[in-house]
1. Any residue in region 330-357 that is over 28 Å from Pro34 (Cα atoms) and in the same structural domain as Gly307 (by TED's automatic domain parsing) sitting within a Cβ distance under 7 Å of a residue that is at pLDDT 95 or above and assigned to a helix (DSSP H, G or I)? List the pairs, counting only those 6 or more apart or interchain.
2. Can you name the residue in region 291-324 that is over 19 Å from Pro151 (Cα atoms), free of Cβ contacts under 8 Å to residues at least 40 places away in the same chain and buried (at least 24 other Cβ atoms within 10 Å of the Cβ) and, of all such residues, is nearest to the chain's Cα centre (by Cα)?
3. Being crowded, with 21+ Cβ neighbours inside 10 Å and either at negative phi or not assigned by TED's automatic domain parsing to the domain that holds Arg140 (or both) narrows it down to one residue among Leu87, Leu30, Leu72, Leu68; which is it?
4. Name the single residue, out of those in region 111-129 being crowded, with 18+ Cβ neighbours inside 10 Å and not acidic (Asp, Glu), that is modelled with the lowest pLDDT.
5. So which residues in region 51-65 are in a loop (DSSP other than H, G, I, E, B) and surrounded by 18 or more Cβ atoms within 10 Å (Cβ to Cβ), if there are any at all?
6. For residues that are among the charged types (D, E, K, R) and farther than 14 Å from Met265 by Cβ, tally how many sit in region 169-223.
7. What's the number of the condition Val209 fails, among (1) part of a helix (DSSP H, G or I); (2) modelled with pLDDT under 95; (3) under 22 Å from Trp277 (Cα atoms)?
8. Taking Gly279, is it farther than 20 Å from Val226 by Cα and exposed (fewer than 15 other Cβ atoms within 10 Å of the Cβ)?
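The values are calculated or read from the model by the stated rules, or taken from the named source; none is laboratory data. As the structure is a prediction and not an experimental result, all values here were calculated from the model. Cβ sites come from the backbone with ideal geometry, for glycine too, and all protein chains shown count toward neighbours.
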Amino acid sequence: MRLAIDARMMGAGNSRGIGRVTEELLKAMLEIAPEHEYVLIEKDVQRGPFCSHAGCEHVQADVHWYGLKEQLAIPRAIIQTKADLVLVPHWNVSWFSSIPRVVFIHDLILREEPASANISTRGWFVRLIKRIGFRVILHRALFSARAILVPTEHVAERIKYHYPSLRVPVHVVGEGMPKVDQSVWREPERPLYLFMLGSAYPHKNHDLVFRAWPEIHRRYPELRLVIGGKKDAFMQKLEARVKREKLEGISFCGEVPDQEIASRMAGAFACLFPSRWEGFGLPPLEAMAAGIPVLSSNSSCMPEVLGQKGVIYFNPSSVDGIVEAVEALFRNPSGVRGDARMAVADLALRHDWCKTAKRTLEVCEKVIR
């Protein structure tokens, strides 16, 4: 099989979530199925993580995603690959390409939470045009694919809910557990802190945390909240709110490089993840990989991904719920942390990149047959 992969989002400084999934998936494919031919469509063929790998060929397409230029240039790049099939790791498919494709849909956040996007910071007319464009391209991605890949049962169910007439098969292939050296495990640093990592989009639910924080800080004045993530317009609004409302004990550490995430997580009392909607939820799984307990919302896919050990769940719309979750952590910190460490092995078995790659390749081979 000659498989083309749209790898433009892969690599440092591109798209952390989709970029990492693409990179880890390809790494596992090369490990378990080196007999296939892999052709990567990349923005810069000299700088990608597989630029010198003997098992990969490369086609350059220095085109950013989500634009009209993408729709015009990527079909030409796909033709150059001479592939049997194209794997597109996102919904931004090329409208004019006729080569069979398999599409990986990671979430439907822009359907469920349309305000959770950079376009919500633009004028109303631009927002309207871009939202219409997203709906059209997503519809095209789903209905023109030969097969659809998703990371969780939750995403599969939401696709069926929003597109009941869809007849394209939807396959749950999962994602992998981050690999963390167990030597990072240690007692939490003082002063104790909860660590929130990720974007500051509205669906991440920082608002709930800020409304609950005065009561949490009153009960546990030694506890701090550290928020990590890219300092975009949304994060800047959060920083301004903390200053305006004089919320004590909250600090921002900016974007955290991948190689520093484990050590940041390992020093935390717990990872806080109040998100209302996720397709998979990488930050809390990164915390679990480091043996750190998680205070997580009980919405979307989180119980499916994280399981029950080492996690305290709460209602993502309840201020009292998040306060009670923190209280439960303080009542039995050693027990919750012990459960989190015990959960690592089981989570690593359930979330494995080689299993995801095997399921993905099976779907691709079936499509070609």
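1. From region 330-357, the pairs are Val336/Leu329.
2. Per the criteria, the residue is Val311.
3. Working: Leu30 fails: crowded, with 21+ Cβ neighbours inside 10 Å; Leu72 fails: crowded, with 21+ Cβ neighbours inside 10 Å; Leu68 fails: crowded, with 21+ Cβ neighbours inside 10 Å.
Only one candidate passes the filter, namely Leu87.
4. Residues of region 111-129 crowded, with 18+ Cβ neighbours inside 10 Å: 113, 116-117, 119.
So of that shortlist, the ones also not acidic (Asp, Glu) come out as 116-117, 119.
Values: Ser116: 64, Ala117: 59, Ile119: 49.
Going through the qualifying residues, I end up with Ile119.
5. Residue satisfying the conditions is Ala61 alone.
6. Here is the first cut: in region 169-223, the residues among the charged types (D, E, K, R) are 175, 179, 181, 186-187, 189-190, 204, 207, 211, 215, 218-219, 222.
So of that shortlist, the ones also farther than 14 Å from Met265 by Cβ come out as 175, 190, 204, 207, 211, 215, 218-219, 222.
Looking only at that region, the number is 9.
7. (2)
8. Working: farther than 20 Å from Val226 by Cα: yes; exposed (fewer than 15 other Cβ atoms within 10 Å of the Cβ): no.
No, not satisfied.
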